[in-house]
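Laboratory data are not the source of any read-out in this text; all were calculated from the coordinates shown. This structure is a prediction, so every number in the text was calculated from the model and none was measured. With ideal geometry, Cβ positions are generated from the backbone for all residues, glycine too; neighbour counts draw on all protein chains shown.
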Amino acid sequence: MSPERRFHWIAYSEGASFLILLLVAMPLKYWAGLPMATRVVGLLHGVLFVAYVVLICEALGAGRFNLRTAGLAFLASLVPFGPFVFEHRYGALTREL
């Protein structure tokens, strides 16, 4: 799998796991009294977040991202729907390089 394709999949997976954590697991924890939901989804999201940051660093080191783009990719990971927006806006750029 190419680095661009791997970044694409991890970005979407990380974004989806963040939304599932916020919109499904957190309500289950606080409204239904099921804290296990946040443990499982939180762990998955944490692993995907670390993978996303590692791939940002790899892209920066390989010259596929400049410092500004890498910073925007990182900031996108902190906002719900951010990785989707980043991939939509910058994904075509990274696949062309």
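In plain terms, the bigger the Kirkwood radius, the slower the diffusion; for the chain, with that radius from Cα pairs, at 37 °C and 0.692 mPa s, Stokes-Einstein puts D at 238 µm²/s.
In plain terms, the chain from Glu58 to Leu34 could stretch by 4.9 nm, reckoned as 0.36 nm per residue minus the Cα-Cα distance.
The label-point distance for Arg68 and Val47, in a model that sets each label 7 Å from Cα toward Cβ, rounds to 3.6 nm. For the stretch 35-52, backbone phi angles converted through the Karplus equation (6.51, -1.76, 1.60; θ = phi - 60°) give residue-by-residue couplings of x, 4, 4, 6, 5, 5, 5, x, 5, 4, 5, x, 5, 5, 5, 4, 4, 4 Hz, Gly and Pro being listed as x. With a simple spin-label model that places each label point 7 Å from the Cα along the Cα-to-Cβ direction, the separation between Met26 and Leu78 comes to 1.6 nm.
Between Val85 and Tyr12, the distance separating the two model label sites (each 7 Å from Cα on the Cα→Cβ line) works out to 2.0 nm.
Couplings 3J(HN,Hα) of the stretch 66-74, computed from phi: 8, 4, 5, 5, 4, x, 5, 5, 5 Hz, in residue order, whole Hz [Karplus 6.51 cos²θ - 1.76 cosθ + 1.60, θ = phi - 60°; x for Gly and Pro].
Using just its DSSP H runs of length 4 or more, each adding -39500 (n - 2.57), the chain gives a mean residue ellipticity at 222 nm of -25500 deg cm²/dmol after division by all residues. For the chain, what's the relative contact order in percent, using C-alpha pairs closer than 8 Å and at least 6 residues apart? About 36 percent, as a whole number. In order along the stretch 23-33, the Karplus-derived 3J(HN,Hα) couplings, from 6.51 cos²θ - 1.76 cosθ + 1.60 at θ = phi - 60°, round to 9, 10, 5, 5, x, 5, 5, 8, 9, 10, x Hz, and Gly and Pro are given as x. Compared with the dominant principal axis of the Cα atoms in the chain, helix 3-20 is inclined by about 20°. Springs join every pair of Cα atoms under 10 Å in this Gaussian network model of the chain, and among Ala25, Ala62, Ala11 the largest mean-square fluctuation is at Ala62.
Near the amide H of Phe65, within less than 5 Å, lie the amide hydrogens of Leu60, all on another chain or at least 5 residues away, with H placed in the peptide plane.
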